[in-house]
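For reference, the structure is listed below as structure tokens.
The values are calculated or read from the model by the stated rules, or taken from the named source; none is laboratory data. These numbers come from a predicted model, not from an experiment. Neighbour counts run over all protein chains shown; Cβ positions are idealised from the backbone, glycine included. Heads up: the accessible areas ignore ligands, DNA and RNA and are worked out on the full protein's heavy atoms, side chains in. Shrake-Rupley method; radii C 1.70, N 1.55, O 1.52, S 1.80 Å.
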Protein chains: 2
Amino acid sequence: MYEKKIPKSFECGMAVLMEIIGGKWKSYMVFLIHKGVRRPSELQRAVPSASRRVLNLQLRELEFHGIVKRVIYPEAPPRVEYFLTEFGTSLMPVVTAMDNWGTGYLGAFKALMEKKQAPAPAAAMQ
Amino acid sequence: MYEKKIPKSFECGMAVLMEIIGGKWKSYMVFLIHKGVRRPSELQRAVPSASRRVLNLQLRELEFHGIVKRVIYPEAPPRVEYFLTEFGTSLMPVVTAMDNWGTGYLGAFKALMEKKQAPAPAAAMQ
DNA sequence: TCGGATAGGGAAAATTTTTTCCCTGTGTCA
DNA sequence: TGACACAGGGAAAAAATTTTCCCTATCCGA
């Protein structure tokens, strides 16, 4: 993948979880696969802002950790599907809790971001 | 902080949560502060592998998002303490769920990591 | 036969995050 | 007075992650 120069320490579970679903699009893909989006091309269309390359890389990492299973159908135009493993499914409550919390904060968060973007609104108007 | 060139999209709650506690040490600091480790120097001693600089930066971001409150005591040698806000406390169940899941996987995870480190054990022995 | 869909890898560039190094101050203890 | 504790910032380097670009191969339909 890439040889790390700074060794990571995995003393707390957080660090482990982050290693597994901390990638930019990983948790979203776990979501999508759970929802039934299985084929690589479908996933790519579902996350158009992600580069095709990284989706592949991160799917492979999820597979490496046993979160998803990659099934190759020996068909004419090659077909591949990803499925959550039982282990991967055990992640769903966690991922769902994370998403719910984030969604709850979403409104305030966006307001905060806009305030950050426009730091001096007083003089800007009229 | 740093001007991003690639705009982030926060359509799903996951992305929001990641923005807030996705930093390398952020979730751990939320933990520690919740446990009662309050002062910057204490936090730095608790996470010696993190650079002092990043801990400060990430604490400020947590403060910016309203997760922690920074209290400065106007004392002789300056003293600062961080506290979880009520909002920050609402993160605890999520962070705890994340940590628990990761801890449950820890054993298998370490085994996997070691296997990755030593890819060809057969020829190496004797 | 050409174009597009399928699936994917390699290399290098760009971007983002984290670290390292050096700097400011005040106060306490020896 | 010198060393160390406290708290922290700026700049640049290093590290890590993600994107971009180009490549292979097969099959289907026009």
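Taking the criterion of being more than 14 Å from the chain's Cα centre (by Cα), open to solvent by less than 70 Å² (accessible area, probe 1.4 Å) and within 12 Å of DNA strand D (Cβ to nearest atom), would at least one residue in segment B:11-25 satisfy it? Yes: one or more hits. The residue list B:A76, B:A50, B:A97 contains one member that is at pLDDT below 95, open to solvent by 30 Å² or more (accessible area, probe 1.4 Å) and not β-branched (V, I, T), which is B:A76. Out of A:V68, A:V94, A:V80, one residue alone is at the interface with another protein chain (Cβ under 8 Å from one of its Cβ atoms) and touching a helix residue (DSSP H, G or I) at 6+ places or on another chain (Cβ under 6 Å). It is A:V94. All of A:V37, A:V30, A:V47 fail the test of being over 28 Å from B:E114 (Cβ atoms) and within 16 Å of DNA strand D (Cβ to nearest atom), apart from A:V47. Which members of segment B:13-42 meet the condition of being closer than 19 Å to A:G13 by Cβ, away from DNA strand C (no atom under 11 Å from the Cβ) and not aromatic (F, W, Y)? Matches in segment B:13-42: B:M14, B:L17, B:I20, B:M29, B:V30, B:L32, B:I33, B:H34, B:K35, B:V37. Taken together, the residues in segment B:72-107 that are of a type in the set (V, I, T), farther than 15 Å from B:H34 by Cα and either within 16 Å of DNA strand C (Cβ to nearest atom) or in contact (Cβ under 8 Å) with a residue 12 or more places away in the chain (or both) amount to 2.
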